[in-house]
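J.: Below you will find the structure I want to go over with you.
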Amino acid sequence: MTTPREILGHISGGKVLDVATGDGGFISFLLEGFQSYTEITGIDCNDKCAACFAELFKEKPNIHFVKMDATKLDFPDASFDTVCISNSIHHLQNPKAILAEMIRVLRPGGLIIISEMYRDNQTDTQMTHVHLHHWLAAVDKTKGIVHNETYTRQQLLNLILSLGMNIMTLNDFSDLSKDPLAADTIQNLNKIIDQYLQRAENHPDLQARSEELHQRVSQIGYHDATNLIAILER
């Protein structure tokens, strides 16, 4: 398995911005991988993430959370050495507009890191993740939440190429080392399915798919889908 250090170990992150940071999960990946950094700012429009983020990085005062709309980043041009986004592009109404904002706040010669799961060329256990994710997206859409199905690898690559930046590296990152039928994994996934099922009221097709997912999780198991991780230079 490729490690975060193997992917990012040549990078001194400097001043880092993590867009759509959520609870800060990708920042943990960056910390495992980066050679060094000076400061990391995680932004998200959902301030409910702030408490979990603060708890995760309570021992690191140079990592902080800011509530902010990624379509209008409240930073001057060329403010950051590294700008990142992970597993959020398929949640965006207008990905190209947000990627343009990320480029705007990146200094010349700085790096953009894009990490995004894709839906094709996955193992059976990884396809459980894909099917689950697409079902969650369908349920969210019934509530007016922007949540699209994940891209194919080629669609992601086309989006990356459209930015017109120098592609330094492309990595397909996955971890198949865990037990796909681990009891805690199955329990957590079934809990997520049941929580979302409550939102699928009056949608019998989505309710039927939830039963299929329960069976798939229990019989086939689960691994995270492979991510394409692109490092681009401005």
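The values are calculated or read from the model by the stated rules, or taken from the named source; none is laboratory data. None of these values were measured; they are calculated from a predicted model. Neighbour counts are summed over all protein chains in view; Cβ atoms, including those assigned to glycine, are modelled from backbone coordinates with ideal geometry.
J.: For segment 176-206, give me each residue that is outside any helix (DSSP H, G or I) and surrounded by fewer than 10 Cβ atoms within 10 Å (Cβ to Cβ).
T.: Step one: filter segment 176-206 for residues outside any helix (DSSP H, G or I), giving 176-182, 200-203.
Hits for segment 176-206 are SER177, ASN202.
J.: A further question follows. If you go through segment 90-107 one residue at a time, do you hit one that is within 30 Å of ASP179 (Cβ to Cβ), buried (at least 19 other Cβ atoms within 10 Å of the Cβ) and touching a residue at least 24 places away in the same chain (Cβ under 8 Å)? Let's see the steps before the verdict.
T.: Taking segment 90-107 as the starting set, the residues that turn out to be within 30 Å of ASP179 (Cβ to Cβ) are 90-91.
Now narrow it down to the ones that are buried (at least 19 other Cβ atoms within 10 Å of the Cβ): 90.
Applying the additional criterion that residues be touching a residue at least 24 places away in the same chain (Cβ under 8 Å) yields 90.
Checking segment 90-107: at least one residue is within 30 Å of ASP179 (Cβ to Cβ), buried (at least 19 other Cβ atoms within 10 Å of the Cβ) and touching a residue at least 24 places away in the same chain (Cβ under 8 Å).
J.: Has segment 80-92 got any residue that is acidic (Asp, Glu) and farther than 24 Å from TYR118 by Cβ? Give the derivation first.
T.: Looking only at segment 80-92, we keep the residues that are acidic (Asp, Glu), and these are 81.
Next cut, farther than 24 Å from TYR118 by Cβ only: 81.
For segment 80-92, residues acidic (Asp, Glu) and farther than 24 Å from TYR118 by Cβ: present.
J.: Sticking with this structure for a sec: From ILE186, ILE167, ILE160, ILE145, grab the single residue that is over 24 Å from ILE89 (Cα atoms) and of a type in the set (A, V, I, L, M, F, W, C). Full working, then the answer.
T.: Values: ILE167 fails: over 24 Å from ILE89 (Cα atoms); ILE160 fails: over 24 Å from ILE89 (Cα atoms); ILE145 fails: over 24 Å from ILE89 (Cα atoms).
The match here is ILE186.
J.: Please find, among ASP47, ASP77, the residue that is modelled with pLDDT under 95 and in contact with a Lys or Arg (Cβ under 6 Å, 6 or more places away or on another chain). Explain how you work it out, then say what you get.
T.: Working: ASP77 fails: modelled with pLDDT under 95.
Testing whether each residue is modelled with pLDDT under 95 and in contact with a Lys or Arg (Cβ under 6 Å, 6 or more places away or on another chain) leaves just ASP47.
J.: What number goes with the only condition from (1) surrounded by fewer than 15 Cβ atoms within 10 Å (Cβ to Cβ); (2) closer than 22 Å to ASP140 by Cβ; (3) out of contact with any Lys or Arg (no Cβ under 9 Å at 6 or more places or on another chain); (4) not aromatic (Phe, Trp, Tyr) that GLU55 does not pass?
T.: (2)
J.: Hey, any hits in segment 127-136 for a residue that's hydrophobic (A, V, I, L, M, F, W, C), modelled with pLDDT of 95 or more, more than 16 Å from ALA225 (Cα to Cα) and in contact with a Lys or Arg (Cβ under 6 Å, 6 or more places away or on another chain)? Full working, then the answer.
T.: The initial filter retains those residues of segment 127-136 that are hydrophobic (A, V, I, L, M, F, W, C), namely 127, 130, 132, 135-136.
Checking the rest, the ones that are also modelled with pLDDT of 95 or more come to 127, 130, 132, 135-136.
Pick out the ones that are also more than 16 Å from ALA225 (Cα to Cα) and you get none.
Within segment 127-136, none of the residues are hydrophobic (A, V, I, L, M, F, W, C), modelled with pLDDT of 95 or more, more than 16 Å from ALA225 (Cα to Cα) and in contact with a Lys or Arg (Cβ under 6 Å, 6 or more places away or on another chain).
J.: I want to confirm something. Restricting to segment 108-138 and keeping residues that are β-branched (Val, Ile, Thr) and surrounded by fewer than 21 Cβ atoms within 10 Å (Cβ to Cβ), which single residue is nearest to ALA208 (Cα to Cα)?
T.: Filtering first and then ranking leaves VAL130.
J.: Determine whether segment 152-165 contains at least one residue that is farther than 24 Å from THR3 by Cα, within 20 Å of the chain's Cα centre (by Cα) and in a loop (DSSP other than H, G, I, E, B).
T.: Yes, segment 152-165 contains a residue that is farther than 24 Å from THR3 by Cα, within 20 Å of the chain's Cα centre (by Cα) and in a loop (DSSP other than H, G, I, E, B).
J.: Considering only segment 2-14, how many residues are on the phi < 0 side of the Ramachandran plot and outside any helix (DSSP H, G or I)?
T.: Restricting attention to segment 2-14, the residues satisfying the condition of being on the phi < 0 side of the Ramachandran plot are 2-13.
Next, only the ones that are outside any helix (DSSP H, G or I) stay: 2-3, 9-13.
Of the residues in that region, 7 qualify.
J.: Would you call SER218 assigned to a loop (DSSP other than H, G, I, E, B), small (Gly, Ala, Ser) and surrounded by fewer than 17 Cβ atoms within 10 Å (Cβ to Cβ)? Lay out the reasoning, then the answer.
T.: Numbers: assigned to a loop (DSSP other than H, G, I, E, B): no; small (Gly, Ala, Ser): yes; surrounded by fewer than 17 Cβ atoms within 10 Å (Cβ to Cβ): yes.
No; evaluated as a whole, the condition is false for this residue.
J.: Looking at PHE53, PHE34, PHE26, which one is of a type in the set (A, V, I, L, M, F, W, C) and touching a Cys at 6+ places or on another chain (Cβ under 7 Å)? Step through it out loud before you land on a result.
T.: Working: PHE53 fails: touching a Cys at 6+ places or on another chain (Cβ under 7 Å); PHE34 fails: touching a Cys at 6+ places or on another chain (Cβ under 7 Å).
PHE26 is the lone residue from the list that is of a type in the set (A, V, I, L, M, F, W, C) and touching a Cys at 6+ places or on another chain (Cβ under 7 Å).
J.: Of everything in segment 1-15, what is among the hydroxyl-bearing types (Ser, Thr, Tyr) and at pLDDT 95 or above? Give them in sequence order. Can you show your working first?
T.: Just the residues of segment 1-15 that are among the hydroxyl-bearing types (Ser, Thr, Tyr), to begin with: 2-3, 12.
Within segment 1-15, SER12 is the sole residue that qualifies.
J.: Name the single residue that is surrounded by the fewest Cβ atoms within 10 Å (Cβ to Cβ) among those in segment 31-47 being of a type in the set (A, V, I, L, M, F, W, C) and closer than 19 Å to ILE231 by Cα. Spell out how you get there, then give the answer.
T.: In the first step, residues of segment 31-47 are kept if they are of a type in the set (A, V, I, L, M, F, W, C); the result is 31, 34, 40, 43, 45.
Narrowing the set further to residues that are closer than 19 Å to ILE231 by Cα leaves 31, 34, 40.
On the way: LEU31: 17, PHE34: 20, ILE40: 26.
Only one residue tops the list, namely LEU31.
J.: Quick check, is PRO95 within 24 Å of ASP224 (Cα to Cα) and out of contact with any Gly (no Cβ under 7 Å at 6 or more places or on another chain)? Give the steps one after another, and end with the answer.
T.: Numbers: within 24 Å of ASP224 (Cα to Cα): yes; out of contact with any Gly (no Cβ under 7 Å at 6 or more places or on another chain): yes.
Judged against the criteria, PRO95 is a match.
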